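J.: Below you will find the structure I want to go over with you.
Here, each number is a calculation from the coordinates, and none is a lab measurement. These numbers were taken from a predicted model, which means no experiment stands behind them. FYI the Cβ positions are ideal-geometry reconstructions off the backbone, even for glycines, and counts take in every protein chain you see.
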Amino acid sequence: MNIIGLDELLFGVDDVAACTQYLRDYGLTPVGEAGERLEAEDGTAVVVRAKDDPGLPPGLGTASMLRKTTYGVADAATLEAIATELGRDREVLRLADGSLQTVDDMGFVLGFQITVRRPLQVAAEVVNSPGTGQGRPVNDVAVDEGAPARPLSLSHVVYFVPDETRAAAFYTQRLGFRETDRLIGAGGFLQPAGTQDHHTLFMIQTPPFMQGVEHFTFHMAGPGALMQAGYRFAGKGYESFWGPGRHKFGSNWFWYFNSPLGCHVEYDADMDLHDAQWKPRAVPMNAEASQLFLFTRREKWAPGGPPPAGQKASH
Ligand SMILES: [Fe+2]
């Protein structure tokens, strides 16, 4: 199944205005008159509607506001293969826009469509690393204080699920996802066949009342872009939840924020790529396994002034 990755997440929320403002400040671009579709550079998106919008698929019956997760696939043949496979044991709707709609084994509503992703036309984040002879051109300045936050592509979504084994089996056995690594006691990182990203989906075992979306994230160009976007986002008053830091499995840099969408929203950057040659790892879930390092944002400071808040003078 040539599933490339996430195309869109659809939410039914309490406060549409707060959610769209949040996602604009995060760096997504509103598209269309209502401004409820907010896109990254490649056209992947988050769509926000009022929770009582009659056009929304039903919710999960928990506090989660996620109503639908839509995957982009490579071609019409993949869509037909998905319709045939999932049609064996569940209803698969064909919507007017040509996409498929169904549910996974935990009750999450899923969509499948020929991907909306556009080729990215952005420069890579480059570092000057001694001895490599590569990096930025001479006289090219790295710091651009006015650089906008540019989420490039919808990276991954994390669900809380009441039965992780069964939930993951649906994706691996029915849709061709691979498990790249596993945090024992939490869940496995899942990669669809059409991408080399370490994970597109991660599901964490929780009690049933917690079922829903835990977070979603977009790829940034690199660690520098992530830090600058997150620093500025926090400076606007949004509450940092976890980060900045760097995960071990996937090696992705992360910075999570609280949001009015009922879940955390993350910036990520520099995720590992894997193919079928990769041998999955498994370690118990704990704080040490979960990140290589973790920092906390601080207000700006300059040498010569009083010690930064919370620090003692060294002499
Ligand atoms: Fe994440």
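J.: Normalising by the residue count of segment 195-262, find the relative contact order in percent from Cα pairs under 8 Å and 6+ residues apart. Show your work: numbers first, answer last.
T.: Values: 43 pairs, mean separation 16.5, N = 68.
RCO, segment 195-262: 24 percent.
J.: Now for a different question. Using alpha carbons only, how many degrees (0 to 90, rounded to 10) separate the axis of helix 223-235 from the longest principal axis of the chain?
T.: For helix 223-235, the angle is close to 90 degrees.
J.: Does anyone have the angle between helix 76-86 and the longest principal axis of the chain? Alpha-carbon axes, 0 to 90°, nearest 10?
T.: For helix 76-86, the angle is close to 70 degrees.
J.: What is the total of Lys pairs in the chain with C-alpha atoms under 22 Å apart, excluding same-chain pairs fewer than 8 positions apart?
T.: Total qualifying Lys-Lys pairs in the chain comes to 4.
J.: Quick one: compute the contact order of segment 1-159, relative version, from alpha carbon pairs under 8 angstrom and 6+ residues apart, as a percent.
T.: 28
J.: If Lys and Arg each add +1 and Asp and Glu each add -1, what is the summed charge of the other residues whose beta carbon sits under 14 Å from the beta carbon of residue 108?
T.: Overall, the nearby charge balance is -1.
J.: Also, quick follow-up: What does the charge add up to near residue 217, with Lys and Arg as +1, Asp and Glu as -1, over the other residues with Cβ less than 9 Å from its Cβ?
T.: On the way: positive: none; negative: 266, 268.
Cβ neighbours under 9 Å give a net charge of -2.
J.: While we're on this one: Assign one of three labels to segment 22-119, namely rounded, prolate or oblate, based on the Cα gyration tensor with a ≥ b ≥ c the square roots of its eigenvalues; rounded applies when a/c is under 1.5, prolate when it is not and a/b is larger than b/c, and oblate otherwise.
T.: oblate
J.: Mind ranking 224-236, 84-96, 27-39 by how tightly packed they are, going by the mean number of other C-beta atoms within 10 angstrom, highest first?
T.: Details: 224-236: 19.0, 84-96: 11.3, 27-39: 16.9.
Going from most to least packed, we get 224-236, 27-39, 84-96.
J.: Let me ask you something else. Return the distance in nm (one decimal) between the two label points of a simple spin-label model at residue 193 and residue 62, each offset 7 Å from Cα along Cα→Cβ.
T.: 3.0
J.: Something else about it: Would you mind checking the tilt of helix 16-26 against the longest principal axis of the Cα atoms of the chain, expressed as 0 to 90 degrees and rounded to 10?
T.: Tilt relative to the chain: about 50 degrees.
J.: Okay, helix-only estimate at 222 nm for the chain: each DSSP H run of n ≥ 4 adds -39500 (n - 2.57), divide by all residues, round to 500 deg cm²/dmol; what do you get? Provide the component values of the computation, followed by the final result.
T.: Values: 5 runs with 45 residues, N = 315.
Calculated mean residue ellipticity at 222 nm is -4000 deg cm²/dmol.
J.: Give me the extension gain from residue 75 to residue 147: residue separation times 0.36 nm, minus the current Cα-Cα distance, reported in nm with one decimal. All intermediate terms of the calculation are to be shown ahead of the outcome.
T.: Numbers: separation 72, 0.36 × 72 = 25.92 nm, distance 3.53 nm.
That works out to 22.4 nm of additional length.
J.: Hey, another quick one. In whole percent, what relative contact order does segment 252-302 give with Cα contacts below 8 Å and a gap of six or more residues?
T.: 24
J.: Still on this structure: Between segment 68-111 and segment 1-51, what is the separation of their alpha carbon centroids in Å?
T.: 20
J.: Find how many whole Å separate the alpha carbon centroid of segment 120-166 from the alpha carbon centroid of segment 184-198.
T.: So the separation of the two Cα centres works out to 20 Å.
J.: Something else: What length, rounded to one decimal in nm, is gained on full extension from residue 15 through to residue 312, with 0.36 nm per residue of separation minus their alpha-carbon distance? Don't skip to the answer; put the middle values down first.
T.: Working: separation 297, 0.36 × 297 = 106.92 nm, distance 4.29 nm.
Here the segment from residue 15 to residue 312 would lengthen by 102.6 nm.
J.: Now a separate question. Around residue 167, with a cut-off of 11 angstrom between Cβ atoms, what is the net charge of the other residues, counting Lys and Arg +1 and Asp and Glu -1?
T.: With Lys, Arg at +1 and Asp, Glu at -1, the net is -3.
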